[in-house]
1. If you check every pair at least six apart or on different chains, which have Cβ atoms under 6 Å apart with a residue in the stretch 135-146 that is among the hydrophobic types (A, V, I, L, M, F, W, C) first and a residue that is assigned to a helix (DSSP H, G or I) second?
2. Suppose the filter is in contact with a strand residue (DSSP E or B) (Cβ under 9 Å, 6 or more places away or on another chain) and free of Cβ contacts under 8 Å to residues at least 60 places away in the same chain; does Val68 pass it?
3. Name the pairs: first residue in the stretch 76-89 and within 18 Å of Val102 (Cβ to Cβ) and at pLDDT 95 or above, second residue crowded, with 22+ Cβ neighbours inside 10 Å and among the β-branched types (Val, Ile, Thr), Cβ to Cβ under 7 Å, at least 6 apart or on different chains?
4. Please count how many residues of the stretch 79-109 are closer than 18 Å to Ala18 by Cα and small (Gly, Ala, Ser).
5. What about Thr56, is it touching a residue at least 12 places away in the same chain (Cβ under 8 Å), under 13 Å from Leu136 (Cα atoms), out of contact with any Phe, Trp or Tyr (no Cβ under 8 Å at 6 or more places or on another chain) and surrounded by fewer than 21 Cβ atoms within 10 Å (Cβ to Cβ)?
6. If you scan the stretch 1-30, which residues turn out to be of a type in the set (Gly, Ala, Ser) and modelled with pLDDT of 95 or more?
7. Could you count how many residues in the stretch 18-41 are more than 18 Å from Arg88 (Cβ to Cβ) and either of a type in the set (A, V, I, L, M) or not in a strand (DSSP E or B) (or both)?
Amino acid sequence: MALGLAGAADAARRPALAGTDVLTGKRVALSQFRGKPVFVNVWGSWCYGCKTEAPTLARFVKAHAGKVAFLGINTEDSKSGARAFSKRYGLRYPSIWDPRGVLAGAWSRGAPTTIVFDRRHLFVRRIEGTASLAQLNAALKQVTRS
């Protein structure tokens, strides 16, 4: 779904997409990907839809890593569950650990959700539910136009 002016203004009031990477323990934030469009995926190892979309997402990330950045929000999950899920599906991008679902709740209606930002990190699109390759490609086309 594309956002109108109200959606963009609403996005500005949400908390910053930043926190501790569940895989490395290092600080990670949307702001560190300056000048690049960013796909942010809200997920949990417990989430059926996340398991369904993970292989597609992993292939999409691998194919487009040079064009855009990827960031996850691992919500309402254990670190061990998140690490096992990431390893199983080959998800090698950082994911903010959000064990109480506070950040995910501010940016989505639940997992899975993919939130897309342009190169200025303006909120462009939200894909709610399991993202298809067609939806991901449409979002990629939208944020990589010159």
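The values are calculated or read from the model by the stated rules, or taken from the named source; none is laboratory data. Just so you know, these numbers come straight off a predicted model, no measurement behind them. Glycine also receives a Cβ, built like all others from the backbone with ideal geometry; neighbour counts cover every protein chain displayed.
1. Qualifying pairs under 6 Å: Leu136/Phe60.
2. On the way: in contact with a strand residue (DSSP E or B) (Cβ under 9 Å, 6 or more places away or on another chain): yes; free of Cβ contacts under 8 Å to residues at least 60 places away in the same chain: no.
Here the answer is no, as Val68 does not meet what is asked.
3. Lys79/Val22; Ala82/Val22
4. Of all residues in the stretch 79-109, those closer than 18 Å to Ala18 by Cα come to 79, 82, 92-108.
So of that shortlist, the ones also small (Gly, Ala, Ser) come out as 82, 95, 101, 104-106, 108.
The total comes to 7.
5. Working: touching a residue at least 12 places away in the same chain (Cβ under 8 Å): yes; under 13 Å from Leu136 (Cα atoms): yes; out of contact with any Phe, Trp or Tyr (no Cβ under 8 Å at 6 or more places or on another chain): yes; surrounded by fewer than 21 Cβ atoms within 10 Å (Cβ to Cβ): yes.
Yes; evaluated as a whole, the condition is true for this residue.
6. The initial filter retains those residues of the stretch 1-30 that are of a type in the set (Gly, Ala, Ser), namely 2, 4, 6-9, 11-12, 16, 18-19, 25, 29.
Answer for the stretch 1-30, where residues must be of a type in the set (Gly, Ala, Ser) and modelled with pLDDT of 95 or more: Ala18, Gly19, Gly25, Ala29.
7. Within the stretch 18-41, the subset more than 18 Å from Arg88 (Cβ to Cβ) is 18-20, 25-40.
The next check asks that each one be either of a type in the set (A, V, I, L, M) or not in a strand (DSSP E or B) (or both); those that pass are 18, 25-26, 28-38, 40.
The qualifying residues number 15.
One line per residue, one yes/no per condition, for (1) of a type in the set (A, V, I, L, M, F, W, C); (2) crowded, with 16+ Cβ neighbours inside 10 Å; (3) over 27 Å from Arg145 (Cβ atoms):
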site: Val61; (1), (2), (3): yes, yes, no
site: Val68; (1), (2), (3): yes, yes, no
site: Ile73; (1), (2), (3): yes, yes, no
site: Lys79; (1), (2), (3): no, no, yes
site: Ala84; (1), (2), (3): yes, no, yes
site: Arg92; (1), (2), (3): no, no, no
site: Ile96; (1), (2), (3): yes, yes, yes
site: Ala104; (1), (2), (3): yes, yes, yes
site: Val116; (1), (2), (3): yes, yes, no
